[in-house]
1. Would you calculate the separation in nanometres between label points at A:R58 and A:L105, each defined as 7 Å from the Cα along the Cα-to-beta-carbon direction?
2. Taking θ as phi - 60°, what are the ³J(HN,Hα) couplings along region A:165-182 by the Karplus curve (6.51, -1.76, 1.60), each to the nearest whole Hz, with x for Gly and Pro?
3. Efficiency by 1/(1 + (r/R0)^6): what FRET value for B:D122 and A:R35, r their Cβ-Cβ distance, R0 = 41 Å, to the nearest 0.05?
4. For chain A, evaluate the Debye formula with one uniform point scatterer on each Cα (no solvent term) and list log10 I(q)/I(0) at q = 0.06, 0.10 Å⁻¹, rounded to two decimals.
5. Could you pull out every one of the lysines with an alpha carbon less than 17 Å from that of B:K47, ignoring same-chain neighbours closer than 8 positions?
6. Sort A:W315, B:W282 so that the residue with the fewest other Cβ atoms within 10 Å of its own Cβ comes first and the one with the most comes last.
7. For chain B, what does the alpha-carbon gyration tensor say about shape, rounded, prolate or oblate, given a ≥ b ≥ c as the root eigenvalues, a/c under 1.5 as rounded, and a/b over b/c as prolate?
8. Could you tell me how many degrees, from 0 to 90 and to the nearest 10, lie between the Cα long axis of helix B:109-121 and the main elongation axis, the longest principal axis, of the Cα atoms of chain B?
Amino acid sequence: MSTAVTPGPGTPQSDHPGDTLVSVEGIKVHFPIKRGVILDRTVGHVYAVDGVDLSVRRGETYGLVGESGCGKSTLGRAVLRLTEPTAGRVVFDGTDLSTLKGEELRRMRRRMQMVFQDPMSSLDPRQSVESILVEGLRAHDLDKGREATGKRLRELLSAVGLPSTSLRKYPHEFSGGQRQRIGIARALAVEPDLIIADEPVSALDVSVQAQVVNLLEELQDEFGLTYLVIAHDLAVVRHISDRVGVMYLGGLVEEATSDDLYAEPLHPYTRALLSAIPVPDPVVEDRRERILLTGDLPSPANPPKGCRFHTRCPWKQATRCDTERPELREVLPGHRVACHWAEDIRAGKLRPHEVEAVLVEEDGISPDIPLVGPASVTEALNP
Amino acid sequence: MPLLEVRDLTVVFERKGEKPFTAVDHVSFDVEPGQTVGLVGESGCGKSVTSLAIMGLLPRRGARVSGSVQYEGVNLLSLSDREMRDKRGRDLGMVFQDPLSSLNPVIPIGVQVTEVLERHRDMPRKKAMLEAAELLDKVGIPDPTRRLSEYPHQLSGGMRQRALIAIALACRPRLLIADEPTTALDVTIQAQILALLKELVHDLGTALVMITHDLGVVAGLCDEVNVLYAGRVVEKAHRHELFAAPRHPYTHGLLSSIPRLDAPRGEKLNPIRGSVSDNIPWSEGCAFAPRCPNKLDVCVRVTPEQEDIGGGRLLRCHNPVKPPVAEEVSA
């Protein structure tokens, strides 16, 4: 508990800089909100991703977690430049992606592939599995004649655990788990270095989720892949990730190795998030103390000033929290937190207090007035 | 006497020219007053159809419901539509999964809450409005009076679900059926809603039937758990026993296939192989047999019967998972 740590700068850390495959520097994605039919004025912005720094090392699995609307999917898309970032840059294996255009960018995309959440809507229902898989190969000149390609396709299918008879079938003939395997095979087809998986298992049934999680792990060992896994299910993320970043309202609030993060969450939001996850064990559930957050996620079109989390934070202090946005800084070795009071909270000097619920307007153009609400709050749930 | 007694509830969907499909197959369970009973299973196991059948919400045409659902000694399945309408909302409340599609988008929240009060408790509009504000307050919606005049799209997902709970509890029903009430919500909001349900059920003495696929939710909330697979209850037990020593290979498989936050990392998950589409019909044997690690020859020939294995537990399996040695002496 007494480890003295100097707050580091808010830049990505890496023991060996050459290890880093992707580094994201100060990336921002703001979507304009337009009003009016003729004038088409921009009346505001949705700050979906608002300044994120992170780096993914070669061969590791980086998990990005957060609740819906926190910007994790947008960040994933911005890394691939599927959504154009408003500011900041992404360096992939030494190349700044923001400088690439047209053909160069297209060629680069071979090395970074994506696996989507909903396997039904991300596979063309009118394409056979063969055609789905061959499309990527052709686009990147990897189609080396009928025989070689046929062999490659069978390899791919066996890698993801599908029978080779699947080639002539169409997506609707498969179950959800099998469709997700096709999505993974499609990503693997072009021999990428990085796979960004956006909620790869959340559309699947529990018994099938484990199959896909195991498959992702096996493929990583076999092909030396680097993963950026985006998910809301912390239990799944913890299981597959080496390092985890927690996002809240467009920003990274905490980053640590998977074990550290779960053993000692330092940011109040991470603590609340971890305590909210039900554990399938009644003995644990009965004993657990729960940090219940009040209210909802504020609108990303009108994020709170200062620390984004201060409107719901049970540890909010009178100073700094609502005026100064905390930087992501290294509080413990390899453990970065964006909280002004992380050390004091960790040492137990600050205690959680009650929070009044704040009305959240869906259109995001609300005044920041706290209303007297009944919603009870930080309470221990001990029956 | 149990508050709700479901016996051999069977729902068969029929369509001209197609093979009838049995979604719910002889499901039986009891709910005691004030008790929380869980129905757990994956998509397609019949858990939602069970709840719709109890509430009399299945279409008359196309769905054949048989068996009996005794609520305080009255068989709900034998009631007419008019009689059932009197029961629904007053004696039986229901909370659905998706709050946006179960609220009417063009009617203010307040009207949707007072509707129940006017219909079942004959309250005049003004008094109902006051009561509605109180209800919204009780479920933790800030500034309830203002919210009454707002439309569902103006509320966040968590707030909408709270409004739905307020509607369901408006007449203080003795039984509340919650069908995946937190599945559409984020975990921090889920924790709020579950805490709210727990509190309300406790304060009002309402019995709760919780339908969910999330074993974590069940572990924290339910007294008794029914595990459904392909339309049948395969295992029933109190939550402590079920999680400590699952006997059915399906329950066991489910529990060992989910990553746990408090378990050591680095171990591989043990998935259940195959998928629901591999099932065989119950009439030929055990539906789970093709996916089951404990499969015997008998499993694909003889339909397993539901057996009482003591301690209030029911099990439907030819070759159950052995209980941990220290646990039971005689099963």
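1. 2.6 nm
2. 5, 5, 3, 8, 8, 10, x, 5, 7, 10, 7, x, x, 5, 5, 5, 5, 5
3. Numbers: r = 46 Å, r/R0 = 1.12.
The calculated FRET efficiency here is 0.35.
4. Normalising to I(0) and taking log10 leaves -0.26, -0.71.
5. Partners found: B:K236.
6. By the 10 Å Cβ count, ascending, the order reads B:W282, A:W315.
7. The shape class here is prolate.
8. Roughly 90 degrees between the two axes.
Every read-out reported here was derived from the displayed coordinates using simple, explicitly stated rules and does not represent laboratory data. Owing to the predicted nature of the structure, the values given are computational and were not obtained by experimental measurement. A quick note on method: Cβ atoms are made from the backbone with ideal geometry, for glycine too, and the neighbour counts reach across all protein chains shown.
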